[in-house]
Amino acid sequence: MKPRQITQDVQWMGAVDWNRRLFDSLIPLPDGTSYNAYLVRGSEKTALLDTVDPAMWDVLLHQLDGIEKIDYIVSHHTEQDHAGSIPTVLEMYPMATLVCSPKAKALLMDHLNLDETRIKTVEDGETIALGNKTLRFIHTPWVHWPETMVTFLPEDRILFSCDFFGSHLATTDLFVGDNPYIAEAAKRYYAEIMMPFRSTIRNNMKKVRACEFDLIAPSHGPVYDNPEMILSAYEDWISDAVTNTVVLPYISMHGSTEIMVNYLTAALAERGVKVHKFDLSVTDIGKLAMSLVDAATIVIGTPTVHVGPHPIVFSATHLANALRPKLKHAAIIGSYGWGTKAVEQLTSLIPNLKVEVLGAVLCKGLPKSDTLAELDALADTIRDKHLLLAKPPVCAS
Ligand code: FEO
């Protein structure tokens, strides 16, 4: 892909990674991703905002062909998918200064072995003049590392947000336009990357809202030409509001737990509660994370393996705890062969979830009528708890 014009003096550069299917050796990428860099030309100086993943450095190299001078390279975030090619760009442009937040300086030196003398740190709100353009740096910590910042270009009314507001989406579309799929891609991205920092993001949102811009140019996915769409979505996700929804991840080894899961799913649906059911043996964990963004309740279904929960359930529960969704309630259901400590072990895995535990329904072997009655009672409890919540189920995701 060649550089693409965003405004007269701002170009998109970067690489669209159509074939990448896994990020951080953890996160599925059903639709690939992109690593966006941006070139801003002022009347006196030129700045490159971020770079690309080193695996696709050759793409950026071709795009820089003919750019004789870069005065500043801005690093919004140290993670290698954006900063990994900075050492090569610094070599290509020996007069360029690397600009970053104070917290980023040590990180960039640690991760990329950079020469300290090439780095200039900028304080929150500080500006750098490019002649007729101004780069204003806004510290936005924990989206999603401690050093992250964004850049506001007031003359062109563009906010360069790096990971903040990003989406893992490979596309030839430069702008979001009316692509309805972006809402799902951005929500997936938020769930996997940003959700653990929900409360910190609230402060960052206020800082971002104070700027007046027409475009948000993230470092993954297309440029938002209707920023209000993603801003209001973020404000919803980071709020305390939850929906009348149960997320039900489970594993079943011989079918007993699955009977319970199916029974509870039907019982909840009869009571007007939406359910997202995930068989963890075949689940895309990104979908699971996305469902946790605004659900009120998680019900974990597990058989017992060597006294504890199934290892795949153990792993998914640990992930849910790390993502810190705004769940209000939790419960555990499942079947065991001869004995179990699954409830105790699962409960100890979720200290970050500020949930009311609504109880556990366990049965030895096949679920019988008393177990099904307990599941009906659990469904009643969940319905009643959700009736206290104001917000109806939303979203197609
Ligand atoms: Fe897109 Fe945190 O890197």
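Report Rg(Cα)/(2.2 N^0.38 Å) for the chain, keeping two decimals.
Against the empirical 2.2 N^0.38 Å value, I get 1.11 for the chain.
Would you mind working out the magnitude of the charge dipole of segment 4-237 relative to its Cα centre, with +1 at each Lys and Arg C-beta and -1 at each Asp and Glu C-beta, to the nearest 20 Debye?
400 debye
How compact and how long is segment 4-237, expressed as Rg and Dmax of its alpha-carbon atoms in Å?
Cα-based Rg and Dmax for segment 4-237 come out at 16.1, 46 Å.
If r is the Cβ-Cβ distance from residue 88 to residue 18 and R0 is 22 Å, what FRET efficiency results, to the nearest 0.05?
Calculated value: 0.45.
Could you check which residue among 200, 347, 117 shows the biggest mean-square fluctuation in a GNM of the chain with a 10 Å Cα cutoff?
It is 117.
Could you work out the local net charge near residue 271, counting Lys and Arg as +1, Asp and Glu as -1, over the other residues with Cβ closer than 12 Å to its Cβ?
-1
Using the basic label-point model (7 angstrom from Cα toward the beta carbon), what is the residue 115 to residue 181 distance in nanometres?
Here the modelled spin labels are 4.4 nm apart.
Rounded to the nearest 500, what is the chain's calculated 222 nm mean residue ellipticity when only DSSP H runs of at least 4 contribute -39500 (n - 2.57) each, over all residues?
Taken over the chain, the calculation gives -9000 deg cm²/dmol.
Over the chain, what is the mean sequence separation of C-alpha contacts under 8 Å (at least six apart), divided by residue count, expressed as relative contact order in percent?
It comes to 12 percent, rounded to a whole number.
Taking other Cβ within 10 Å of each residue's Cβ, how do 190, 72 sort, fewest first?
72, 190
Using a ≥ b ≥ c from the Cα gyration tensor of segment 111-161 (square roots of the eigenvalues), is it rounded, prolate or oblate, where a/c under 1.5 gives rounded and otherwise the larger of a/b and b/c decides, a/b for prolate?
oblate
Search the structure for amide H atoms under 5 Å from the amide H of residue 134, placed 1.01 Å from N in the peptide plane, and list their residues when 5 or more places away or on another chain.
155
Please give the per residue volume of the convex hull enclosing the alpha carbon atoms of segment 294-386, rounded to a whole number of Å³.
81 Å³
Report the extension gain between residue 318 and residue 1 in nm, rounded to one decimal, defined as 0.36 nm multiplied by the number of residues separating them, less their alpha carbon distance.
Extra length available between residue 318 and residue 1 comes to 110.2 nm.
Which value in nm describes the separation of the simple spin-label points at residue 364 and residue 270, placed 7 Å from the Cα toward the beta carbon?
2.8 nm
Let me know the charge dipole size of the chain about its Cα centre in debye, to the nearest 20, where only the beta-carbon of Lys, Arg (+1) and Asp, Glu (-1) is charged.
So the dipole magnitude of the chain works out to roughly 940 debye.
Mind giving me the nanometre distance, one decimal, between the label points for residue 282 and residue 214, set 7 Å out from Cα along Cα→Cβ?
Label at residue 282, label at residue 214, 4.8 nm between them.
Once the dipole of the chain is set up with Lys and Arg at +1 and Asp and Glu at -1 on Cβ about the Cα centre, which of 335, 346, 231 lies farthest towards its positive end?
Result: 335.
With springs only between Cα atoms under 10 Å, which of 11, 345, 80 fluctuates most in a Gaussian network model of the chain?
Result for the chain, Cα springs under 10 Å: 345 fluctuates most.
Once you compute Rg and the Kirkwood Rh from C-alpha atoms, what is the Rg to Rh ratio for segment 269-338?
Reported Rg/Rh, Kirkwood definition of Rh: 0.97.
Could you give the length gained by full extension between residue 8 and residue 68, i.e. 0.36 nm per residue of separation minus their alpha carbon distance, to one decimal place?
Gain on stretching residue 8 to residue 68: 19.8 nm.
Once Rh is set to the Kirkwood radius over Cα pairs, what Stokes-Einstein translational diffusion coefficient, in µm²/s, holds for segment 1-138 at a temperature of 4 °C and a viscosity of 1.567 mPa s?
84 µm²/s
Send over the per residue convex hull volume for segment 85-199, Cα only, as a whole number of Å³.
Convex hull of Cα atoms, per residue: 149 Å³.
For residue 331, list long-range residues whose amide hydrogen, built 1.01 Å from N in the peptide plane, is under 5 Å from its own amide hydrogen.
Long-range HN contacts for residue 331: 298, 299, 300, 358.
Any read-out appearing in this document is the output of simple, stated calculations on the displayed coordinates, not a laboratory observation. If you're wondering where the values come from, they're calculated on a predicted model, not measured in any experiment. FYI the Cβ positions are ideal-geometry reconstructions off the backbone, even for glycines, and counts take in every protein chain you see.
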